[in-house]
Each structure stands twice: as structure tokens, then as C-alpha cells.
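Here's the structure we're looking at; comments come further down.
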Amino acid sequence: MLISNERGSGEMVSADGDTRFYDDIACLAADWIAHAHAARGARAFVSLPGGWTDVNDAAYARPASARTAMGSGIAAFASIDDAEAADDGGRAMTFDDVVRLSGEKP
């Protein structure tokens, strides 16, 4: 996967070291569901200023200004406060919340 913008990108590393890159956090979350990576010892990361951060150490929001590669509008932040401040409704999400959203049918 070619990553055109690091902001909003993700990475998954399987238990055997296979690495996949994603240009949208929602795509990472959907793949997490599709392949049940959590049960197989995989780890996932999102790109934040300063480098890759474990998905469970980041907070997520849908700021109105977010432009993501696949249109999810989900952005990662270093803290819950940052995510709440960026979100139109003042809401922050965990990666589990993003995974649940990715599994919902429109």
C-alpha cells in the first residue's frame, strides 16, 4: 500500500512479522476485524507526530476538517483531550470504538 499522507495512516504487524500498511485508520480497523488479528498476537500502530504509536495508546475523533484517504474522517490523536477538542461533538473514541464502527453496516 502506498501511503500518500502519513497523517491518518496505520500499520499492522502480525505475530510472524508480516507488516501491512494502511492509508486510512478505518481500513486498519476493518482488517483487524476481518482477520481477527487481536486473537493471533498481531499489533497495530497509527502514525502520530513523533512516530508510530500503539493503537491502544492513541485516541480517535472525526474532526470536520479531517480528509482521509478512504473518506472515513477518523483521525488519531496523542491524547483524549486532543481528540475531544478536535471532534465537532467533543467526543473521543478508543481503537475498540473505531473497530466497532468499521464493523457496522450502513
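Values quoted throughout were computed directly from the atomic coordinates according to the rules given, and no laboratory measurement underlies them. These figures come from a predicted structure and were not determined experimentally. A quick note on method: Cβ atoms are made from the backbone with ideal geometry, for glycine too, and the neighbour counts reach across all protein chains shown.
Each label point is 7 Å from the Cα along the Cα-to-Cβ direction; what then is the distance between the points at Arg67 and Ala34, in nm?
With each label placed 7 Å out from Cα toward Cβ, I get 2.6 nm.
Taking neighbour Cβ counts within 10 Å as the exposure measure, how do Ser9, Ser72 sort from fewest upward? Working shown, then result.
Details: Ser9 23, Ser72 20.
Listed from fewest to most nearby Cβ atoms, that is Ser72, Ser9.
Taking the simple approach of a point 7 Å from Cα along Cα-to-Cβ for both Asn56 and Ser14, what is their distance in nm?
It works out to 2.1 nm between the two label points.
Measuring from label point to label point, each 7 Å out along Cα→Cβ, what is the Arg43 to Ser79 span in nm?
2.4
What list of ³J(HN,Hα) couplings, whole Hz, do you get for the stretch 56-61 from phi and the Karplus terms 6.51, -1.76, 1.60, once you set θ to phi - 60° and write x for glycine and proline?
After applying 6.51 cos²θ - 1.76 cosθ + 1.60, I find 7, 9, 9, 10, 10, 8 Hz.
Taking θ as phi - 60°, what are the ³J(HN,Hα) couplings along the stretch 42-48 by the Karplus curve (6.51, -1.76, 1.60), each to the nearest whole Hz, with x for Gly and Pro?
Calculated HN-Hα couplings, in order: 6, 10, 10, 9, 10, 8, 10 Hz.
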